[in-house]
Every structure is written in C-alpha cells, then in structure tokens.
Amino acid sequence: MSAAAVDFADLTQSAFLLGVPARTWETMLGSAYGKLDATVANFTEIGESILGALLELFVSYPGDQTLLAYLHMLVAPPTYTAMAHSYVPLSNALGFFIRNAGQMTDPATFHLVFKTLIGLHYANPVSAYGSIITYGETVPSILNTVNACLPLLSTWESLTSSTPFHGQPSPISQIIVLLLSYVQDYSSITTTEAMMYYSEVQHALQTIPFDSDTRQALENLMMSLGLVVGDNAKAAREVEMMQAIQLNLAKSSSVGAAAGLDIITCGTLLRNLFDERAHDLSFGHTDEVVAVLRAVFHYTAMPLPAFYTQLILAAFDIVSQYAPQTPQKLRYQLWCSLVISRLPALLRRFDTHISAEIPSDIAPGSAVQAALRDVYSRTDLLGRMDSLAAAAESTHVPLRTRFLQSLVAVALIDHPFASSLEASIPPEQLPRLVTEAQEHGMDLESYIESRVSMDGPIEDGMGLLDRAVTDFAVHASLSEVLQKRFISLASTQDVEPLSHMCKVLSRHDVTVDILSLHVPLNDILGHGLHFVHNFTCEGVGDPQTAVSQFGVVVQFMQLTLTRLQLASFSYSLAGKSLRSDFLLSHRTYTMSELSREELVAFQNWHKALFGRDSDGIDDNILRSTNPLTLLRITPTLLSEAAAQAVVKVVDAECLRNGVQFFVGPLLNWTLVGVVKAFVAEIDRLGYCATMQIDVLKTLAASAKDMPVVFRLCANNLLRMVPEPQAQNLLAKQNEFREMKRVAAIALYARPGEPLALPAVTHDHASYPSLAIRRAIEIARSGGAPGINVRRCLTVSTPVAFLEIIWAEFTTPNADVAHEHDIFRRIAAHILVATALHCHPNCPPLLPVFLHSFLPRKIAWLDAQLQVGEPQLQTSDQRLQNIEMLTAILMSSMTAAFHLERSLNSLNTTYPSIKAASTRLKSMSLAARLSQSLRISTSPVTAMIRQRLSTSHSFVAMYPEFAT
C-alpha cells in the first residue's frame, strides 16, 4: 500500500476517534485529495484504504452512526467539496464489503452497511458513480458478484440466529435482485462459465431459504443459463449418469474392516491428542482418551489384535519420524515419554473397558500378545527406532525394550512373554531418580518436592528436572507429584513457595510438556488462574516482595498459555468460571472505559511514576492496588504517559525514569501488554511514534533482566515496522535493528549454542496445502500421518480449507481409484477431529461439509455430467470423484456416531468434553442431510442416496436413510 493510501486511512481513523463530524471529515478529505498529483496518485487504492479503515472501526464500534455517515459521505456525490464525483464509486464500495463481509460479525453493522449502499443506489440511479455496477460492466463480472453474494446469505442466517434481526430479509437478497436486473444478454457467456454459474445457483436454491422475489430472480437466471448450456447436452449427461448409478450399486461398501488395516486413523488420532495436549481432551485425561479409543475401535471395525497392532505401529512410526537432535529433540523426547510411560497405562485402562464389549471367548490379554508378535515382525520400523535411540543416548536401550518393560509394569503382559519377544530383556529396574531419592533417605515424592521447593537453590530444581527428562520411566510419577504440589500451593494462596516452583518450571519448558502428557494440565492452569484472581497484598509483611513473587506466577501462566496456544483458556472452579484473556491483553483504554477502582489506581500510579515531585513506589500504593487492576491498566498508563510526553505534559526524563521502575522484578510482569501495545502504535504511526520507540529502546536495553517478557513479545517485535520505510533515519533504523536482535535472541537463542534463525520455507497461506500433501505422502509410504487442523484453520476459512483438501485429493497425480481409502480416512479425521476441541477459530467441520461443501460439490458434479466438457474430467474420473465423496460422507458420519456415543457415556466434569458431543450432534446432522437428499432431484444425489440406503451398517446407525 502506498504512503498516500496509508495517510488517508490514518486520517479517517484519527478523525473518527477525535469525534470529527462526517461533513468536517469530508471537507478534510476534499482538501487532501486536492493536494494529490492526479497523474501519479492511485485513487482506487486510496479508496480501498479508506474503506478498510472504516471496516476496522466498524469491528470495534458496531453499528456506529457516525461511521455510517462517513460511509455515506465517501460514496455519495459530494456536496461540501469541489470534487466532480464521489471519492469511491458505489460499485467499488459494494465489492469491497462483499469481499470482507466475514469481518462484520455484528448483525446490526452487516445490515446497516449494506442498507446504506442500497439507499445510495436508489438516491442516484443515473450516475455511473452512484450505480451498483460500473458503466460497461460485463455479464460474467456481474454474475461473479452474484456468486460472491450467495454465501453471505448463510452468513446472515448465522449472525441473526439469536438476535432481533432473525427472520428479517437480508439486504444481500435485495442486492442480488438488483444485480440480476442488469443482466439481459447472455450471449457473452461461454458454456463452461454457464455450467459453473448454474451449479452455484442450483446449490444455493437447494440449501438456502430465499424470499419469493430473490428465489424468482435466481430461478429465472437458472432457466437462462440452462438455455446457454443446451438441453441436448443435459439429457445426454443424465443418461450417462443413470448408467453410472447402476454400475456403482454393484460395488461393495468401502467403509469399515473390508478396507484393510488402519494405521492412518490411529496415527492421526495420536497426533491430534498430542498437538492438543494442553486441552480438555488430551493424553493427560485418562477416561476421556479411553473413550476416544473405544470410539475409534468401533469405527474402524478392526479385530481387537489388529487394532492394538495398528495403534502401537502408529506410535512407533511417529517416533521414527523425528530426529533426537536439535531442532526435533524436544518432540522426540516427548514422543518417547508418551510411548514408554503413558501409552502402556492407557492401553491397560482401554483393555479393561473393552473386555466387556468383545466376545467372551477372546481373552483381552491374548489380543495384546498377538499384536506385539505382529509389531515385532516389522524389522524395518524397529531398526529405524533402534538407530535413533543409539544416536540419542550413550547407553543404548532400545525404545521397544522399554515399551515392553512398561507393559510388564502395568500387568498388560508378563515377563515370560516379554522374554519370548526379546530373550535378553532385563528384569524391571528402579528408575534412576527413585534410586537417587533412596540414597537421600526419601521416597520419590518427598525428594522431588524438596528439590523444587524454596528451601534449596533454583539450580537444584533445574538439575533434578534435567535428569528426569531422560528418565522416561519416572515421568508419570514426576507429573503426579508436580501437579499435586502446584494445586496445593495455589489453593492455599502461598505465594512464596508457589513462585519458586513457577520460576523453576518457567525455565524448563520440556517439564511442562511432559506434565501435559501425563496429567490434566488444564487443572494446573485453572488453579493458577484461581490463585491470580484471588491474590491481594493486604496483610502481607513486605508488599514489594509479595508483588514480585506474584509476578513470577503471572509470567509462568503467560508463558505456558502462549506456548500451548491457550490465550483464550477458561476454567471452572468452585462454580466460578475463570478466563485467561486478561493475562495477555494489550488493550489500551480511554478514561471513560475504566471502572472507578481502575481510574483511582491509574491516577495514583501515574502520579507516583511520572510526577515531578514523586518519591517513587511505596508500600501503600502496592497494598491499595489489586495486582490484576495494575496488570489491566499498565498498557494504558504507559501509553498515556508517552502521549503526554509528546506534548510536554510529562517531561521526557520523567517518562524514562518512570519506565525504569518496570525493568525490575517488582513490575516487569506487567510489561507484555505494554510492549505489544507500543508495537501496535509504532506500526500505526511509524517513526513518528518517537516516545514509544524510546520506551521500547529503554526496555530492550534491560532484556536480560526480563527474559520472559521479551520471549513472549519477540514475534511482535520481529514483525515491527520494516526498516526501509525510513532510509534517511539511520539512528532509528539502528534502534529498530537492535530491538529486533534482542527479540531474536529471546526467541531462538539456546544456552551454549550460536544464534540460528529458522529458515522460512513457505508462506503461511500455503500451509494447509502442504500439510495435506505431506499427510498423503506419509500415508502412501505406509506411515502414520498427521494434520494440525487448528493451524490450517488459522490461515484458511472452513469452506476454503475443504476446497483445498478436495483439490489435493483430485490432483492429476492422485490415483483416486487405488488411494481411495487413504483419502477418506484423512478426510474423516479432519471432519470429526474439530469437534473434539473448542477453539474460537476452529469450528466443527462436519456440519460445514454436510450442509455447505457437499451440496456445492453435488451441484458441480451434476453440472459436469450435464454439460460433459471432456477437457474437465473423463467419465471414469467423475465417477471416482462421486465414489470418493460418498465414502468420505459415510466414513465421517460413522466416526461421528461412535465418537458421540462414547463421549456421552462419560461422567466428566469438564464442560468442553460435554460440549464435544453437542458439537458432533450426529443424529440431527443425519436427519437434516436425509431430508435434503430426499427432496433433491439431482442424479448425483440419487446415486449417493442409493449407496447410503444399501449400506446395512450405515442404516443401522441412521435409520432415516433406509428408504
């Protein structure tokens, strides 16, 4: 974006925030426009930047009437300036808001913005700048805009489902009717384009409720497009379609055990539980994980020995995919910990539960033994694991040997059987840490507590954890002791020993990861949140020490929540719901937004820190201020002081002196929000933010004294304003380079190793495609793939992500006929796994697939069969795609059924686990799908309906598909 465009966006935002009326703002715009060189300026880009600024403000100020007046002045023909036409043509403004409608999450804003644009069209219908389309716009271009509007009708439905707007007609419907009124001549549309538009409109009419006028306009459009496509072509394709149906009905179902063994499902499950190891459904939650294993066992329909085999092979294969050296060392250690000290306990619990669900003549123990014999026949995989273990340790003990020892320890197999697999397997030995504890005359629990308590130096705790990390057999006991100790200290509000423990854990990330594999980490974080919410300095002898120790606990919480991507973590304790958002917030507030308590604290701290006659921070101000209040107001406090320093209300030297108070342990735990807020201000103001730059420079000079702060803010600093924006400001460039160097050290430096920045191999937007491609490659080689669905959905919308998956499944290199099972298993995991974990940007994908993606693909396949464009796909390819779509549907619905039933059997206290089965809601999904398939007249739908009704196992789960 050009500098001029940025200036106009800043002008708009500043004018609104300062309360400038719309007419005054328009005058300011006209004056700024008049100064531009018309031969150089890009007026379209400038208009887009102003619209972007308005949209950003609408997000923060939903439905604001002043912003609507700004929009009206921007698009309407001007009356207060000498401009010959409006600043932004109405068609451009409409296109912008259609493209970015997803950002308008408030129904009032959505309604008012589009109603304003419609009103402007009717107010000036003859001018090209006042029309909803541009002069001379082509029919394909108009139809593309109509296609872009169709998904917004579903957006409107979801936005208004529980609001007063529910049931009211969407302004998008009126826009569609308006646009179609300009389409008269279809001669410029090719057959391929007509087919595409036809399928989109057909899908919309089948899935979206329209008012009568809009439905009539779309049906007329379909009729016209049908004439372009040609009736003869459609009839020929329908005959071919019915022949394909008859051929297809002869094929057997591809869901279940008939498709072979399933290392793919087991591998994606294990990786998903690992990636989400800090959430309510992860390896640390035994009963919940066992419930998921039961669901997968029933879904895959494998015999019990085969299920054990695939689960163990998947775990071993995942370990073999990581190197025990940096940068994969941590993941290798965690997977080894999982396989050696966690998986055997889970298998034992699963074995106990499943014994009641299998035929009585099969002994569960024999199933594990049969599985191990099969696993030990895979010499290639075992050889890779042995070589990795040899590279990782000086004393080579194969991971498979340790796994056998753990199975013996949990009584899942006995030692004689283990010896039959490995004749030289050593008898069970005490872990090194247990022996060390005995040498000190203690049991393991007392020994661990003594090392992480405040009685000894922090190096003792660090040394114990260093030794424990490589002693996999003790990880379960270590996790239980640390969990019990943390919760006990947090519950008693004992800040001194808790801060010491948090300081040790903050410096030892791998221990926190190990905890997440063996115990419910959210219980630890939940009690930590409870401690933070309830701590006060009232009654403490030394408030400065107490606040410093409290800050250590806060920084441990901040660091752990950030590392494990739990910024919006919530926890219920004693009937009270606690949220973590405030710990990492960098929002700055106006004085009117602060509560009375916060406003009093703000004034007291501002005077103490930046007043000319201040004596600094005394015990009284610490005792009178709630620590959470101080955390909340600090970004505002320093931001306001920096702004006052610019206009000389606060002396620059007083500002620097005040900032110095935050460098030490007393207050540096409040700085994460400050640094992020100042980076945001610098991004907005550039090198004009002199005081903010000066404050960050002061803090960066003391980065070694507050490593947690700069580790948490490093990404923000590295993304700060790029240096080339001010080539003439060498001093500022050097300051920025130094701050970014400090950030890089905080984020990437490792003790005893040179600083090495990670190489960027691809952009974020391409991650979903690369992840799917990588999973397919691993599955083709017989390995255990994995896909981090949540990460994919951070850079892609749900529908776009499903389109990416389909595109990767149907590339020219994909062998759909022979890789059918790979694709359906990967897709089923993706569609169902999102229901297990509740994230703001990771909605359940199964409803999106069934009610949005599936109808669109059916319409697309129908259009292909009707038009018969040979250059698009061959008849066999089309049939294979229909087969794959049906198999994905059946697999995902089968998995959802078993998972929902298994989760419903749990007696859990975790709200998110209960919500998981609600997010699945397989029966209601099936009912809605059955109804939509039944009323459709599509040939592809008929084929899918036949396949579902002839699958006995599927009909047994969902009887509505029987007819």
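The values are calculated or read from the model by the stated rules, or taken from the named source; none is laboratory data. This is a predicted model, so every value here is computed, not measured. With ideal geometry, Cβ positions are generated from the backbone for all residues, glycine too; neighbour counts draw on all protein chains shown. Ligands, DNA and RNA are excluded from the accessible area calculation, which covers all protein heavy atoms including side chains. Shrake-Rupley method; radii C 1.70, N 1.55, O 1.52, S 1.80 Å.
Hey, among SER424, SER450, SER406, which residue is out of contact with any helix residue (DSSP H, G or I) (no Cβ under 7 Å at 6 or more places or on another chain) and either on the phi > 0 side of the Ramachandran plot or not assigned by the TED database to the domain that holds PHE486 (or both)?
Exactly one of SER424, SER450, SER406 is out of contact with any helix residue (DSSP H, G or I) (no Cβ under 7 Å at 6 or more places or on another chain) and either on the phi > 0 side of the Ramachandran plot or not assigned by the TED database to the domain that holds PHE486 (or both), namely SER424.
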Revision key, fill the gap. Residue hits (the stretch 533-551; surrounded by fewer than 20 Cβ atoms within 10 Å (Cβ to Cβ) and either in contact with a Cys (Cβ under 6 Å, 6 or more places away or on another chain) or in a helix (DSSP H, G or I) (or both)) are HIS533, ASN534, GLN544, THR545, SER548
Check your understanding: How about the stretch 780-815: which of its residues are farther than 24 Å from ALA314 by Cβ, in contact (Cβ under 8 Å) with a residue 60 or more places away in the chain and in a loop (DSSP other than H, G, I, E, B)?
Key -> THR797, THR810
Exercise for review: Please name all residue pairs, on different chains or six or more residues apart, with Cβ atoms under 6 Å, provided the first residue is in the stretch 700-721 and is over 12 Å from VAL663 (Cα atoms) and the second residue is acidic (Asp, Glu).
Suggested key: VAL721/ASP683
Revision key, fill the gap. Checked the stretch 175-193 for anything without any contact (Cβ under 8 Å) to a residue 60 or more places away in the chain and not in a loop (DSSP other than H, G, I, E, B); matches are ILE176, VAL177, LEU179, LEU180, SER181, GLU193
Exercise for review: Starting from residues that are among the hydroxyl-bearing types (Ser, Thr, Tyr) and within 16 Å of MET884 (Cα to Cα), keep the ones in the stretch 934-960 and report whichever is nearest to the chain's Cα centre (by Cα).
Suggested key: THR941
Review point. So which residues in the stretch 578-621 are over 25 Å from VAL552 (Cβ atoms) and at pLDDT below 85, if there are any at all?
Key: GLY611, ARG612, ASP613, SER614, ASP615
Check your understanding: Hey, any hits in the stretch 509-528 for a residue that's open to solvent by 40 Å² or more (accessible area, probe 1.4 Å) and over 24 Å from SER570 (Cβ atoms)?
Key -> no
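Being surrounded by 19 or more Cβ atoms within 10 Å (Cβ to Cβ) and modelled with pLDDT of 85 or more: is that true of SER419 here? I'd like the intermediate steps shown before the answer.
Values: surrounded by 19 or more Cβ atoms within 10 Å (Cβ to Cβ): no; modelled with pLDDT of 85 or more: yes.
Spelling it out, it is not the case that SER419 is surrounded by 19 or more Cβ atoms within 10 Å (Cβ to Cβ) and modelled with pLDDT of 85 or more.
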Review point. Does LEU433 satisfy the criteria of being aliphatic (A, V, I, L, M), touching a Gly at 6+ places or on another chain (Cβ under 9 Å) and either assigned to a helix (DSSP H, G or I) or in contact (Cβ under 8 Å) with a residue 60 or more places away in the chain (or both)?
Key: no
Exercise for review: May I ask you to list the residues in the stretch 93-124 that are open to solvent by 20 Å² or more (accessible area, probe 1.4 Å) and more than 23 Å from SER60 (Cα to Cα)?
Suggested key: GLY119, TYR122, ALA123, ASN124
**Study point:** Residue among TYR182, TYR198 that is more than 21 Å from SER932 (Cβ to Cβ) and aromatic (Phe, Trp, Tyr)
**Key:** TYR182
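For the stretch 706-719, check the following and say yes or no: at least one residue is touching a Ser or Thr at 6+ places or on another chain (Cβ under 8 Å) and crowded, with 16+ Cβ neighbours inside 10 Å.
So the first thing to find is which residues in the stretch 706-719 are touching a Ser or Thr at 6+ places or on another chain (Cβ under 8 Å), and the list is 708, 712.
Right, trim to crowded, with 16+ Cβ neighbours inside 10 Å and you get 708, 712.
Yes, the conditions are met somewhere in the stretch 706-719.
On the given criteria, is ILE425 open to solvent by less than 40 Å² (accessible area, probe 1.4 Å) and within 25 Å of GLY284 (Cβ to Cβ)?
Values: open to solvent by less than 40 Å² (accessible area, probe 1.4 Å): yes; within 25 Å of GLY284 (Cβ to Cβ): no.
No: the conditions fail for ILE425.
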Point to revise | Top-ranked residue of the stretch 101-127 - restricted to ones that are assigned to a loop (DSSP other than H, G, I, E, B) and at pLDDT below 80, ranked as farthest from SER181 (Cα to Cα) | key: THR105
Exercise for review: Given the conditions (1) assigned to a helix (DSSP H, G or I); (2) at pLDDT 80 or above; (3) farther than 28 Å from ARG780 by Cα, report the number of the one that CYS266 does not fulfil.
Suggested key: (3)
Check your understanding: Looking only at the stretch 202-230, which residues are of a type in the set (Val, Ile, Thr) and either in the same structural domain as SER930 (by the TED database) or at pLDDT below 80 (or both)?
Key -> THR207, ILE208, VAL228, VAL229
**Study point:** Selected residue (only one of LEU630, LEU666, LEU699 is closer than 24 Å to MET591 by Cβ and surrounded by 17 or more Cβ atoms within 10 Å (Cβ to Cβ))
**Key:** LEU630
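For the stretch 292-305, give me each residue that is among the small types (Gly, Ala, Ser) and modelled with pLDDT of 90 or more. Quick ask: steps written out before the conclusion?
Here is the first cut: in the stretch 292-305, the residues among the small types (Gly, Ala, Ser) are 295, 301.
Result: ALA295, single match.
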Review point. Can you spot a residue in the stretch 458-468 that is open to solvent by 60 Å² or more (accessible area, probe 1.4 Å), in the same structural domain as ARG563 (by the TED database) and not in a helix (DSSP H, G or I)?
Key: no
Check your understanding: From the set of residues in the stretch 142-166 that are open to solvent by 40 Å² or more (accessible area, probe 1.4 Å) and at pLDDT 80 or above, which is farthest from THR191 (Cα to Cα)?
Key -> PRO151
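Looking at the stretch 616-663, which of its residues are of a type outside the set (Val, Ile, Thr), part of a loop (DSSP other than H, G, I, E, B), closer than 25 Å to GLY528 by Cβ and touching a helix residue (DSSP H, G or I) at 6+ places or on another chain (Cβ under 7 Å)? Write out each step before concluding.
Step one: filter the stretch 616-663 for residues of a type outside the set (Val, Ile, Thr), giving 616, 618-620, 622-624, 626-628, 630-632, 635, 637-645, 648, 651-658, 660-662.
Narrowing further to those that are part of a loop (DSSP other than H, G, I, E, B): 616, 618, 626, 648, 651, 661-662.
Then keep just the ones that are closer than 25 Å to GLY528 by Cβ; that gives 626, 662.
PHE662 - this is the single residue of the stretch 616-663 that is of a type outside the set (Val, Ile, Thr), part of a loop (DSSP other than H, G, I, E, B), closer than 25 Å to GLY528 by Cβ and touching a helix residue (DSSP H, G or I) at 6+ places or on another chain (Cβ under 7 Å).
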Check your understanding: Does the stretch 298-333 hold any residues that are open to solvent by 10 Å² or more (accessible area, probe 1.4 Å) and touching a Phe, Trp or Tyr at 6+ places or on another chain (Cβ under 6 Å), and which are they?
Key -> TYR322, PRO324, GLN328, ARG331, TYR332
Check your understanding: If you go through the stretch 873-904 one residue at a time, how many are open to solvent by 40 Å² or more (accessible area, probe 1.4 Å) and either at pLDDT below 70 or over 28 Å from the mean Cα position of the chain (by Cα) (or both)?
Key -> 5
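Identify, from the list SER187, SER199, the residue that is over 30 Å from SER949 (Cβ atoms), out of contact with any Cys (no Cβ under 6 Å at 6 or more places or on another chain) and modelled with pLDDT under 80. So that I can check it myself, show each step before the final result.
Working: SER199 fails: over 30 Å from SER949 (Cβ atoms).
On inspection, the qualifying residue turns out to be SER187.
Answer yes or no as to whether PHE678 is touching a Leu at 6+ places or on another chain (Cβ under 6 Å) and open to solvent by less than 20 Å² (accessible area, probe 1.4 Å).
On the way: touching a Leu at 6+ places or on another chain (Cβ under 6 Å): yes; open to solvent by less than 20 Å² (accessible area, probe 1.4 Å): yes.
Judged against the criteria, PHE678 is a match.
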